[in-house]
Amino acid sequence: MIELRPFDSIGAANHGWLDAHHHFSFGDYHEPARTNWGRLRVWNDDTIAPKSGFPPHPHRDMEIVTYVRKGAITHRDSLGNTGRTEAGDVQVMSAGTGIQHSEYNLEDEETTLFQIWIIPDRRGEQPSWGARPFPKDDRTGRFVTLASGIAGDEEALHINAEARVLGATVKAGDTVTYATEPGRHSYLVPATGRIRVGDVEANARDGIAITGLDTISVTALEDAELVLVDAA
């Protein structure tokens, strides 16, 4: 199954400083058919105004992956971690038994990002945070694992879930593939560009929900930047 979820069909909430779009039910947006996709619970497409952001707030028992598309986000948490994650890079927060954090755009320009929440395999893990750069040149024409809880993915940021978050950049006319399993749940969003998966075409920021395939083949109709989640 390959299901297109156009950007203009997903939830939205504009708070002035935050223009948020929700691929799954979140906050005041509730769509029973889009509560989750397997263990993928949240995919938010956020635009954060300069010199603003999320004040300190708590989380628990959730794996939260932030993929910065433009600008930068500055993180602080109750464990004493601080860090600034720039466009193309990734941060991961494992909320575990509980963590409080803030996320601010301290830049002079808008920051745009995908925030992805994955339900952990086990509750009550120790909370943690980490970030690292993932240069886009290193993922030209191929999917690179950015965050993972699957054995063998030691170079990726760790999450406490049998899932992967992957990124790729693809030139127009080229195709990238990802081997999966029919019982898994994959969700693909082009951050930029127009793509085709099977007979389904998608524009930037559209979602594509995929299951039942052995291999996902993505053809770029324009130069594209892709983010893919593969979850149980």
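Rounded to the nearest 20 Debye, what is the dipole magnitude of the stretch 88-178 about its Cα centre when Lys and Arg each give +1 and Asp and Glu each give -1 at the C-beta? Spell out each step's value before the answer.
Numbers: 8 positive and 15 negative charges, 77 e Å.
In debye, rounded to 20, the stretch 88-178 gives about 360.
What does the charge add up to near SER78, with Lys and Arg as +1, Asp and Glu as -1, over the other residues with Cβ less than 14 Å from its Cβ? Spell out each step's value before the answer.
Numbers: positive: ARG60, ARG76; negative: ASP77, GLU103.
Net local charge, SER78 excluded: 0.
How large is the accessible surface of TRP17 in square angstrom, using a 1.4 angstrom probe and rounding to the nearest 10?
The value for TRP17 is about 80 Å².
Among rounded, prolate and oblate, which fits the chain when a ≥ b ≥ c are the square roots of the eigenvalues of its C-alpha gyration tensor, a/c under 1.5 means rounded, and a/b larger than b/c means prolate? Show your work: numbers first, answer last.
Details: a/c = 1.42, a/b = 1.28, b/c = 1.11.
Here the chain falls in the rounded category.
Could you do me a favour and compute the accessible area per residue for the chain, 1.4 Å probe, result in Å²? Don't skip to the answer; put the middle values down first.
Numbers: 10020 Å² over 232 residues.
Solvent-accessible surface per residue comes out at 43 Å².
Can you figure out the FRET efficiency of GLU110 with LEU79, using R₀ = 22 Å and their beta-carbon distance, to the nearest 0.05? Each step should come with its number before you reach the end.
Values: r = 28 Å, r/R0 = 1.28.
Approximately 0.20, to the nearest 0.05.
Keeping the other protein chains in place, figure out the carbon and sulfur percent of the accessible area of the chain, with a 1.4 Å probe.
Working: 4720 of 10020 Å².
The computed percentage sits at 47.
In nm, to one decimal, how far is the THR97 label point from the PHE7 one, both placed 7 Å along Cα→Cβ?
Spacing of the two 7 Å Cα→Cβ label points: 4.2 nm.
Under a Cβ-only charge scheme (Lys and Arg +1, Asp and Glu -1), can you give me the dipole magnitude of the stretch 1-103 about the Cα centre, in debye to the nearest 20? Show your work: numbers first, answer last.
On the way: 10 positive and 13 negative charges, 35 e Å.
Value, rounded to 20: 160 debye.
Within the set of other residues whose C-beta is less than 15 Å from the C-beta of ARG139, count the net charge using Lys and Arg as +1 and Asp and Glu as -1.
On the way: positive: ARG69, ARG132, LYS136, ARG142, ARG164, LYS171; negative: ASP89, ASP137, ASP138, ASP153, GLU155, ASP174, ASP223, GLU225.
Within the 15 Å Cβ shell, the charges total -2.
For MET62, tell me the accessible area in Å² from a 1.4 Å probe, rounded to the nearest 10.
My reading of the accessible area for MET62 is about 30 Å².
Grab the Cα-Cα distance for LYS136 and ASP199, subtract it from 0.36 nm times how many residues apart they are, and report the gain in nm with one decimal. Can you show the working numbers first?
On the way: separation 63, 0.36 × 63 = 22.68 nm, distance 2.72 nm.
Separation in residues times 0.36 nm, less the Cα-Cα distance, equals 20.0 nm.
Output wanted: per-residue J couplings in Hz (rounded whole) for the stretch 87-102, from phi through Karplus 6.51 cos²θ - 1.76 cosθ + 1.60, θ = phi - 60°, x for Gly and Pro.
3, x, 9, 9, 10, 10, 10, 8, 6, x, 6, x, 8, 10, 8, 10
Please say if the stretch 117-232 is rounded, prolate or oblate, where rounded means a/c under 1.5 for a ≥ b ≥ c the square roots of the C-alpha gyration tensor eigenvalues, and otherwise the choice is prolate for a/b larger than b/c and oblate otherwise? Walk me through the numbers before you get to the answer.
On the way: a/c = 2.13, a/b = 1.51, b/c = 1.41.
Because a/c hits 1.5 or more and a/b exceeds b/c, the stretch 117-232 counts as prolate.
The values are calculated or read from the model by the stated rules, or taken from the named source; none is laboratory data. Computed from a predicted structure; not experimentally measured. Here the Cβ is made from the backbone with ideal geometry for all residues, glycine too, and neighbour counts use every protein chain on show. Note: accessible area is taken over every heavy atom of the protein model, side chains too, but ligands, DNA and RNA are not part of it. Shrake-Rupley method; radii C 1.70, N 1.55, O 1.52, S 1.80 Å.
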